[in-house]
Amino acid sequence: MPKTAVSPQTSAEWHAQAAELFPGGVNSPVRAFGAVGGTPLVLRRAEGCRVWDVEGREYFDYVSSWGAILLGHAHPAVNEAIARAAADGTSFGAPHPGEVALAEAVLERMPVLERVRFVNSGTEASQSALRLARAATGRTKILKFEGHYHGAVDALLVKAGSGVATLGLPGSAGVPEAVAAETWTLPFNDFEALENLFARSGEMLAAAILEPIAGNMGLVPPEPGFLERLRALCTQHGALMIVDEVMTGFRVARGGACERYGLQPDLVCLGKVIGGGLPVGAYGGRKEWMDLVAPLGPMYQAGTLSGNPLAMAAGRAAIDRLTPSVYERLEACGARFETGLRMIFGDRAVVQRIGSMLSVFFAAGPVRDFRAADASDKAQFAKLFHALLERGVALPPSALEAWFLNLAHDEAAIDESLTRFEAAWKAVRA
Ligand code: PLP
């Protein structure tokens, strides 16, 4: 039972109460403030590019629900779609037109997907894609990249990014050694290590999985040719290429990173944006592989709430608004933010950005892999983080996470945010 007799008022009071109920007071570790110190903001409301905490304080939000929100919080079209769907029932456990409507919109934008299966999270998507790759190849080994995060999947927590990296863990307790041993890891963007691994043991790999643009160790773009080389090696050695677009899908281009880089993976994982802020994931790819999924084939995967009518309606409403001009706008606003940040930090930080995803690393040069990201000055980030919070700007609470703009971050919001960054930096620069 909660210990507080009176109703909590402040974030700290709510957090204290939550800590009696949830491990660490949170329902996902990335929300904790362990890496930056202090207690998490407890939020009451969000609209556009802003969030409000339980104390009524307003913040420019650069978390955007970890990238899930692209149109802006509480977008009227999404809210209306949810309300309309809810009036007809919140869950059927049976096929319905809403899931066909979202699938058609997804497949039209990502032609590499010939078939798709909706699930409830990105974690489920990558877990299912892995199982499918193993079913398709009859092999067990998986290649992933250091600092890439694909959800809290046993085999994929090895050297994972996001909260695993933020907490400084090599993986997770509770993952059997035998499972972890099936996962091989390489540094991202290391061509030589990639060639060597495939030359040595490519025939043992069921799949290589990666974030095409790494966003879970801060924002780290692929080096030119890296994705293409991985594609070629997978084809040559009979391994499936799984591109995890949970973060990048529908965010970095109309057709995601696959469109942006002209990629033809075997399987793609989706989540975040395709649910319009509701819990959704998806995996899909070539028909040849997807026909192995039950009930057509022997690879079993299922979900009581999969294809949930509210989530499908929210996703379709969001995706319908993602016209080509939206991406031009995200690029223009992202560039404006990047330019301003570069001017503020000068040679004290590196700003890395692709479209509406970006990071500021307190590092001397470009960050190409997890080792460089992890070596950045996290203490400096923590100081900046709190100085910004005091000035009404909320960043993800870790130096090893990407920041996300949404479409409500207009020029005025960005310029005002930059003014606050300037003041915060002045206050904390060492
Ligand atoms: N894959 C990537 C690239 C992600 O960024 C995430 C979450 O941040 C996931 C998978 C897991 O998604 P979820 O948190 O919905 O399970």
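The values are calculated or read from the model by the stated rules, or taken from the named source; none is laboratory data. Predicted model only: the values in this text are computed from it and were never measured. Glycine gets a Cβ as well: all are built from the backbone with ideal geometry, and neighbour counts include every protein chain shown. Side chains are part of the model used for accessible areas, which takes the heavy atoms of the whole protein and leaves out ligands, DNA and RNA. Shrake-Rupley method; radii C 1.70, N 1.55, O 1.52, S 1.80 Å.
Scanning region 351-370 for residues that are part of a loop (DSSP other than H, G, I, E, B) and either farther than 13 Å from residue 399 by Cα or out of contact with any helix residue (DSSP H, G or I) (no Cβ under 7 Å at 6 or more places or on another chain) (or both) yields 355, 356, 364, 365, 366, 368, 369. Which condition number does residue 268 fail, the rest of (1) crowded, with 24+ Cβ neighbours inside 10 Å; (2) assigned to a loop (DSSP other than H, G, I, E, B) being met? For residue 268, the failing item is (2).
Restricting attention to region 400-430, the residues that are in a loop (DSSP other than H, G, I, E, B), open to solvent by 10 Å² or more (accessible area, probe 1.4 Å) and among the aliphatic types (A, V, I, L, M) total 3. Considering region 122-138, and only residues there that are away from the ligand (no atom under 16 Å from the Cβ) and out of contact with any helix residue (DSSP H, G or I) (no Cβ under 6 Å at 6 or more places or on another chain), the residue that is least open to solvent (accessible area, probe 1.4 Å) turns out to be 137. In region 268-285 there is at least one residue matching the filter, namely being away from the ligand (no atom under 15 Å from the Cβ) and touching a residue at least 24 places away in the same chain (Cβ under 8 Å). Of the residues screened, residue 116 is not one that is open to solvent by less than 10 Å² (accessible area, probe 1.4 Å), in contact (Cβ under 8 Å) with a residue 40 or more places away in the chain and not in a loop (DSSP other than H, G, I, E, B).
Assessment of region 290-300 against the conditions (touching a Gly at 6+ places or on another chain (Cβ under 7 Å) and under 17 Å from residue 122 (Cα atoms)) yields no matching residue. Answer yes or no as to whether residue 80 is away from the ligand (no atom under 16 Å from the Cβ), within 29 Å of residue 249 (Cβ to Cβ), of a type in the set (Asp, Glu) and open to solvent by 30 Å² or more (accessible area, probe 1.4 Å). Judged against the criteria, residue 80 is a match.
Evaluate the following for residue 388: is it open to solvent by less than 20 Å² (accessible area, probe 1.4 Å) and either over 19 Å from the mean Cα position of the chain (by Cα) or within 19 Å of residue 63 (Cβ to Cβ) (or both)? Criteria met by residue 388. Return yes when residue 365 is touching a strand residue (DSSP E or B) at 6+ places or on another chain (Cβ under 8 Å) and free of Cβ contacts under 8 Å to residues at least 60 places away in the same chain and no when it is not. Judged against the criteria, residue 365 is a match.
For (1) in contact (Cβ under 8 Å) with a residue 12 or more places away in the chain; (2) surrounded by 19 or more Cβ atoms within 10 Å (Cβ to Cβ); (3) closer than 20 Å to residue 400 by Cβ, each residue gets a yes or a no:
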| position | (1), (2), (3) |
| --- | --- |
| 316 | yes, yes, no |
| 320 | yes, no, no |
| 326 | yes, no, no |
| 332 | no, no, no |
| 338 | yes, no, yes |
| 346 | no, no, no |
| 352 | yes, yes, yes |
| 356 | yes, yes, yes |
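No other residue among 263, 156 is touching a strand residue (DSSP E or B) at 6+ places or on another chain (Cβ under 9 Å) and over 30 Å from residue 323 (Cα atoms) apart from 156. I'd like to know if region 292-304 contains one or more residues that are surrounded by 15 or more Cβ atoms within 10 Å (Cβ to Cβ) and either part of a helix (DSSP H, G or I) or basic (Lys, Arg) (or both). No, that holds for no residue. Taking the conditions exactly as written (touching a Pro at 6+ places or on another chain (Cβ under 7 Å), touching a residue at least 40 places away in the same chain (Cβ under 8 Å) and more than 20 Å from residue 251 (Cα to Cα)), does residue 36 satisfy them or not? Yes, satisfied.
Just one residue in the set 151, 98 is within 21 Å of residue 309 (Cβ to Cβ), of a type outside the set (Val, Ile, Thr) and at pLDDT 95 or above; that residue is 98. Here residue 6 fits the description: at pLDDT below 95, away from the ligand (no atom under 16 Å from the Cβ) and part of a loop (DSSP other than H, G, I, E, B). Taking (1) surrounded by 19 or more Cβ atoms within 10 Å (Cβ to Cβ); (2) within 16 Å of the ligand (Cβ to nearest atom) in turn, residue 65 satisfies each apart from (1).
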